[in-house]
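Peer 1: The structure's right below; bear with me while I get my questions together.
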């Protein structure tokens, strides 16, 4: 479910901005570190989550306005290079501020309870929270993009930015906002991951690879696709580790290949017009 | 030799003047002013994911070198450490080692590399004939294999096979007492994880033949999410779990297994738990995890060991690691050997070092010995215990029996064709 949050941010940014944001994992990392610091300072889990999400949203906005907005016209390689440079820079920033050794945030006391037993399976309450947050994000994003005015503007901007800006709408602001929203979702995922994963510089990278697989399977630019993709990947991992414990990673890629061969746009991707 | 003293004002102020570990690299002119200095070269890992261990090696060496220099140096010659970063890459470690000897004029080498780099530096030592102590490589073959052996190289690290024997017998005793027959393993999927797990289960089954391994998991190194591994183990319902996950992977695994309440459902044996790098990071350390000792200032429970741990913490503001004691021991042994030989010459030190026993805060009985026939350290403190969530973290460590270790090690060597 965390993967969904990261992947949906990625797919959103790609859908509107047509940029493959390779530095997306860094936002996930920053979200986790922001949350840990806020949690240590305040002791409040809710504030920690807020700090993780809000901090990365601001970071995303600045990153987009100052750097990414300059390379929209450039070719894909140029965008990739800028993003990759920032993967390295952000990793080093984290190393300078928080140190190179791994850190842990610790599970808040409220969630240190016995897991629930639902239909024979073990379900930790904290994971119920994760699922709830992710579903909420999916619903809000889905309805927001299809129904609200801002959502319509965003979709319009994705389709034809020239026309949208001719209508007197500030596309720069829209782009910055979408990037901030994508960054915020990754940051929120990082913040939610902080209690259960160890925090290290470079922690965003493996998550980034998996969320790329999710978006490729689900279809670039599709929110529903990201949701289904994340669920499928989770199931592949779980059943894979029972059936083929040495080939779980391989299974994920194999599945991606099958999807790409049979439907190159991804399960829920739209055909290019 | 008086190895441990309470940190006095005079030494502290000297240390402050010298400015920690960077001094030797940053101020070579100081050395040039003193004609009789001896340079010791030290390649270690100062950047990357295990940089913390390399730094702790450097810290421990500097702590001990200060003492030796204050007491008159290595057979009257002041020691100057030349410490370089190998970035954890074998070819870089070999290159740095060669450069330290050929270009920087180091007469002795301390090889503070992980196993991959240690074998590379070993070849350099073979080639140049320079005196070399491997301080961190725990791979048994480095000294056990006669093909590797050279007269000028030694090891002051613990040895993999020693750990497996002690861990296996400790776990077997508990398995018998509590009737733990169904075991699961969960270790990182690379050479160290596979070898260590295989050796542990070998000795576990030897001491407790009724044990059966019903589930194996091999998560990737540095994997962020262990959910599928945790649920798989819970499904298998083992009575006990062995893991040699380490560092951030171990703490992450514990946090994720915690929310499935895994630690209440089985006995957990995690060999790398009782190192301060992991103990101080885990926020909700479950009670009662069995672990091997890495470095802990309360085992052996001697004032010397506690004083050493405290002095280290006072100087560097963090606790020593497993690599720290291994490096400190190297300097202690070299200093004593140089004193006995009355020379800082590598060949003469090597001669005296064979079979040398010294007083040492990390010894099981207050002493450690550099075994003469295979140039490796024996008699160091080795044991297993269970964790509690606050200091001293592992209140009671059950010490391994060196007599048993020696017997089984000899047998193991024979089975490998080493003797």
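The values are calculated or read from the model by the stated rules, or taken from the named source; none is laboratory data. Everything numeric here is computed off the predicted structure, so don't read it as measured data. Don't worry about glycine lacking a Cβ; one is built from the backbone with ideal geometry, like all the others, and counts go over all protein chains shown.
Peer 1: Quick check on the range B:231-247. Is at least one of its residues within 23 Å of the chain's Cα centre (by Cα), more than 10 Å from every other protein chain (Cβ to nearest Cβ) and modelled with pLDDT under 90? I'd like the intermediate steps shown before the answer.
Peer 2: The initial filter retains those residues of the range B:231-247 that are within 23 Å of the chain's Cα centre (by Cα), namely B:242-247.
Subsequent filtering for residues that are more than 10 Å from every other protein chain (Cβ to nearest Cβ) retains B:242-246.
This time we only want the ones that are modelled with pLDDT under 90, so: B:246.
The answer is yes, given that some residue of the range B:231-247 is within 23 Å of the chain's Cα centre (by Cα), more than 10 Å from every other protein chain (Cβ to nearest Cβ) and modelled with pLDDT under 90.
Peer 1: Just the residues that are buried (at least 22 other Cβ atoms within 10 Å of the Cβ), touching a strand residue (DSSP E or B) at 6+ places or on another chain (Cβ under 6 Å) and in a loop (DSSP other than H, G, I, E, B), please, taken from the range B:278-320.
Peer 2: Those that are buried (at least 22 other Cβ atoms within 10 Å of the Cβ), touching a strand residue (DSSP E or B) at 6+ places or on another chain (Cβ under 6 Å) and in a loop (DSSP other than H, G, I, E, B): B:289, B:320.
Peer 1: Could you list, in sequence order, the residues of the range A:144-167 that are modelled with pLDDT of 85 or more and either touching a strand residue (DSSP E or B) at 6+ places or on another chain (Cβ under 8 Å) or not in a helix (DSSP H, G or I) (or both)?
Peer 2: Selection gives A:148, A:167.
Peer 1: For residue B:187, work out the one condition from (1) away from chain A (no Cβ under 14 Å); (2) crowded, with 23+ Cβ neighbours inside 10 Å; (3) within 21 Å of the chain's Cα centre (by Cα) it doesn't fulfil.
Peer 2: (1)
Peer 1: Now for a different question. Using the structure shown, decide if residue B:198 is at pLDDT 95 or above and away from chain A (no Cβ under 14 Å).
Peer 2: Considered against the rule, which asks whether it is at pLDDT 95 or above and away from chain A (no Cβ under 14 Å), residue B:198 comes out as no.
Peer 1: If you go through the range A:180-194 one residue at a time, do you hit one that is outside any helix (DSSP H, G or I), in contact (Cβ under 8 Å) with a residue 40 or more places away in the chain and within 14 Å of chain B (Cβ to nearest Cβ)? Step through it out loud before you land on a result.
Peer 2: Filtering the range A:180-194 down to residues outside any helix (DSSP H, G or I) leaves A:194.
Imposing the further condition that a residue be in contact (Cβ under 8 Å) with a residue 40 or more places away in the chain reduces the set to A:194.
Those still in the list that are within 14 Å of chain B (Cβ to nearest Cβ) too: A:194.
Taking every residue of the range A:180-194 in turn, at least one turns out to be outside any helix (DSSP H, G or I), in contact (Cβ under 8 Å) with a residue 40 or more places away in the chain and within 14 Å of chain B (Cβ to nearest Cβ).
Peer 1: I'd like to verify a number: residues in the range A:111-143 that are in a helix (DSSP H, G or I) and within 12 Å of chain B (Cβ to nearest Cβ), how many?
Peer 2: If we filter the range A:111-143 for residues that are in a helix (DSSP H, G or I), which is where we start, we get A:111, A:125-143.
Remaining after also requiring within 12 Å of chain B (Cβ to nearest Cβ): A:111, A:125-130.
Residues in the range A:111-143 being in a helix (DSSP H, G or I) and within 12 Å of chain B (Cβ to nearest Cβ): 7 in total.
Peer 1: What single numbered condition from (1) crowded, with 24+ Cβ neighbours inside 10 Å; (2) outside the structural domain of residue B:353 (by TED's automatic domain parsing) fails to hold for residue B:137?
Peer 2: (2)
Peer 1: Those residues that are closer than 23 Å to residue B:170 by Cα and either modelled with pLDDT of 95 or more or out of contact with any helix residue (DSSP H, G or I) (no Cβ under 8 Å at 6 or more places or on another chain) (or both), I need them from the range B:291-304; list them, please. Show your work before the answer.
Peer 2: Looking only at the range B:291-304, we keep the residues that are closer than 23 Å to residue B:170 by Cα, and these are B:291-302.
Residues satisfying the conditions are B:291, B:293, B:300, B:301, B:302.
Residues checked against (1) closer than 30 Å to residue B:80 by Cα; (2) buried (at least 17 other Cβ atoms within 10 Å of the Cβ); (3) in the same structural domain as residue B:280 (by TED's automatic domain parsing):
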{"residue": "B:332", "(1), (2), (3)": "yes, yes, no"}
{"residue": "B:338", "(1), (2), (3)": "yes, yes, no"}
{"residue": "B:404", "(1), (2), (3)": "no, no, no"}
{"residue": "B:414", "(1), (2), (3)": "no, no, no"}
{"residue": "B:418", "(1), (2), (3)": "no, yes, no"}
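Peer 1: Kindly evaluate residue B:260 against the criterion of being surrounded by 24 or more Cβ atoms within 10 Å (Cβ to Cβ) and either outside the structural domain of residue B:53 (by TED's automatic domain parsing) or in contact with a helix residue (DSSP H, G or I) (Cβ under 7 Å, 6 or more places away or on another chain) (or both). Steps first, answer last, please.
Peer 2: Details: surrounded by 24 or more Cβ atoms within 10 Å (Cβ to Cβ): no; either outside the structural domain of residue B:53 (by TED's automatic domain parsing) or in contact with a helix residue (DSSP H, G or I) (Cβ under 7 Å, 6 or more places away or on another chain) (or both): yes.
No: the conditions fail for residue B:260.
Peer 1: For the range B:351-359, check the following and say yes or no: at least one residue is touching a residue at least 60 places away in the same chain (Cβ under 8 Å), assigned to a helix (DSSP H, G or I) and outside the structural domain of residue B:73 (by TED's automatic domain parsing).
Peer 2: Residues of the range B:351-359 touching a residue at least 60 places away in the same chain (Cβ under 8 Å): B:353, B:358-359.
From the residues that got through so far, the ones that are assigned to a helix (DSSP H, G or I) too are B:353.
Narrowing the set further to residues that are outside the structural domain of residue B:73 (by TED's automatic domain parsing) leaves none.
No.
Peer 1: Within 12 Å of the chain's Cα centre (by Cα), within 14 Å of chain B (Cβ to nearest Cβ) and in contact (Cβ under 8 Å) with a residue 40 or more places away in the chain, is that true of residue A:198? It would help to see each step written out before you state the result.
Peer 2: Working: within 12 Å of the chain's Cα centre (by Cα): no; within 14 Å of chain B (Cβ to nearest Cβ): yes; in contact (Cβ under 8 Å) with a residue 40 or more places away in the chain: yes.
Here the answer is no, as residue A:198 does not meet what is asked.
Peer 1: Sticking with this structure for a sec: I'm checking my understanding of the structure. Among residues of the range A:89-110 that are exposed (fewer than 15 other Cβ atoms within 10 Å of the Cβ) and away from chain B (no Cβ under 14 Å), which one is farthest from residue B:248 (Cα to Cα)?
Peer 2: Residues of the range A:89-110 that are exposed (fewer than 15 other Cβ atoms within 10 Å of the Cβ), as a first pass: A:89, A:92, A:96-97, A:99, A:109-110.
The next check asks that each one be away from chain B (no Cβ under 14 Å); those that pass are A:89, A:97.
Working: A:89: 22, A:97: 18 Å.
Among those that are exposed (fewer than 15 other Cβ atoms within 10 Å of the Cβ) and away from chain B (no Cβ under 14 Å), it is A:89.
Peer 1: Only one of B:149, B:126 is in the same structural domain as residue B:334 (by TED's automatic domain parsing), out of contact with any strand residue (DSSP E or B) (no Cβ under 6 Å at 6 or more places or on another chain) and at pLDDT 95 or above. Can you tell me which?
Peer 2: On the way: B:149 fails: at pLDDT 95 or above.
Answer to the selection: B:126.
Peer 1: When the range A:252-273 is examined, which residues are found to be within 14 Å of another protein chain (Cβ to nearest Cβ) and touching a helix residue (DSSP H, G or I) at 6+ places or on another chain (Cβ under 6 Å)? Full working, then the answer.
Peer 2: Looking only at the range A:252-273, we keep the residues that are within 14 Å of another protein chain (Cβ to nearest Cβ), and these are A:252-253.
A:252, the sole residue that qualifies.
Peer 1: Within the range B:68-80, which residues are in contact (Cβ under 8 Å) with a residue 60 or more places away in the chain and under 20 Å from residue B:316 (Cβ atoms)?
Peer 2: B:68
Quick grid of which residues meet (1) at pLDDT 70 or above; (2) within 14 Å of chain A (Cβ to nearest Cβ); (3) touching a strand residue (DSSP E or B) at 6+ places or on another chain (Cβ under 9 Å):
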residue	(1), (2), (3)
B:6	no, no, no
B:13	no, no, no
B:21	no, no, yes
B:28	no, no, yes
B:32	no, no, no
B:65	yes, no, yes
B:68	yes, no, yes
B:73	yes, no, yes
B:76	yes, no, no
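Peer 1: If you don't mind, another one. Hey, does the range A:234-251 have a residue that's within 11 Å of another protein chain (Cβ to nearest Cβ), in contact (Cβ under 8 Å) with a residue 60 or more places away in the chain and in a helix (DSSP H, G or I)?
Peer 2: Scanning the range A:234-251, I find at least one residue that is within 11 Å of another protein chain (Cβ to nearest Cβ), in contact (Cβ under 8 Å) with a residue 60 or more places away in the chain and in a helix (DSSP H, G or I), so the answer is yes.
Peer 1: Can you pull out the residues in the range A:83-101 that are modelled with pLDDT of 80 or more and outside any helix (DSSP H, G or I)?
Peer 2: Step one: filter the range A:83-101 for residues modelled with pLDDT of 80 or more, giving A:83-99.
The answer is A:99, and nothing else.
Peer 1: For the structure I just gave you, tell me whether residue A:16 is free of Cβ contacts under 8 Å to residues at least 60 places away in the same chain and in contact with a helix residue (DSSP H, G or I) (Cβ under 7 Å, 6 or more places away or on another chain). Explain how you work it out, then say what you get.
Peer 2: Working: free of Cβ contacts under 8 Å to residues at least 60 places away in the same chain: no; in contact with a helix residue (DSSP H, G or I) (Cβ under 7 Å, 6 or more places away or on another chain): yes.
Judged against the criteria, residue A:16 is not a match.
Peer 1: Being more than 23 Å from residue B:279 (Cα to Cα), part of a helix (DSSP H, G or I) and within 10 Å of chain A (Cβ to nearest Cβ) is the requirement here; does residue B:250 meet it? Walk me through how you get there before you give the answer.
Peer 2: Working: more than 23 Å from residue B:279 (Cα to Cα): no; part of a helix (DSSP H, G or I): yes; within 10 Å of chain A (Cβ to nearest Cβ): yes.
Against the criterion (more than 23 Å from residue B:279 (Cα to Cα), part of a helix (DSSP H, G or I) and within 10 Å of chain A (Cβ to nearest Cβ)), residue B:250 does not qualify.
Peer 1: Say whether the condition of being more than 11 Å from every other protein chain (Cβ to nearest Cβ) and not in a helix (DSSP H, G or I) is met by at least one residue in the range B:259-266. Lay out the reasoning, then the answer.
Peer 2: Going residue by residue through the range B:259-266, those that are more than 11 Å from every other protein chain (Cβ to nearest Cβ) are B:263, B:266.
Then drop every residue that is not not in a helix (DSSP H, G or I), which leaves B:266.
Yes, there is a match, as at least one residue in the range B:259-266 is more than 11 Å from every other protein chain (Cβ to nearest Cβ) and not in a helix (DSSP H, G or I).
Peer 1: In the set A:172, A:218, which member is crowded, with 23+ Cβ neighbours inside 10 Å and away from chain B (no Cβ under 14 Å)? Can you show your working first?
Peer 2: Numbers: A:172 fails: crowded, with 23+ Cβ neighbours inside 10 Å.
Matching residue, one of A:172, A:218: A:218.
Peer 1: Yes or no: the range B:90-109 includes at least one residue that is under 26 Å from residue B:315 (Cα atoms), in a helix (DSSP H, G or I) and out of contact with any strand residue (DSSP E or B) (no Cβ under 6 Å at 6 or more places or on another chain).
Peer 2: No, because not a single residue in the range B:90-109 is under 26 Å from residue B:315 (Cα atoms), in a helix (DSSP H, G or I) and out of contact with any strand residue (DSSP E or B) (no Cβ under 6 Å at 6 or more places or on another chain).
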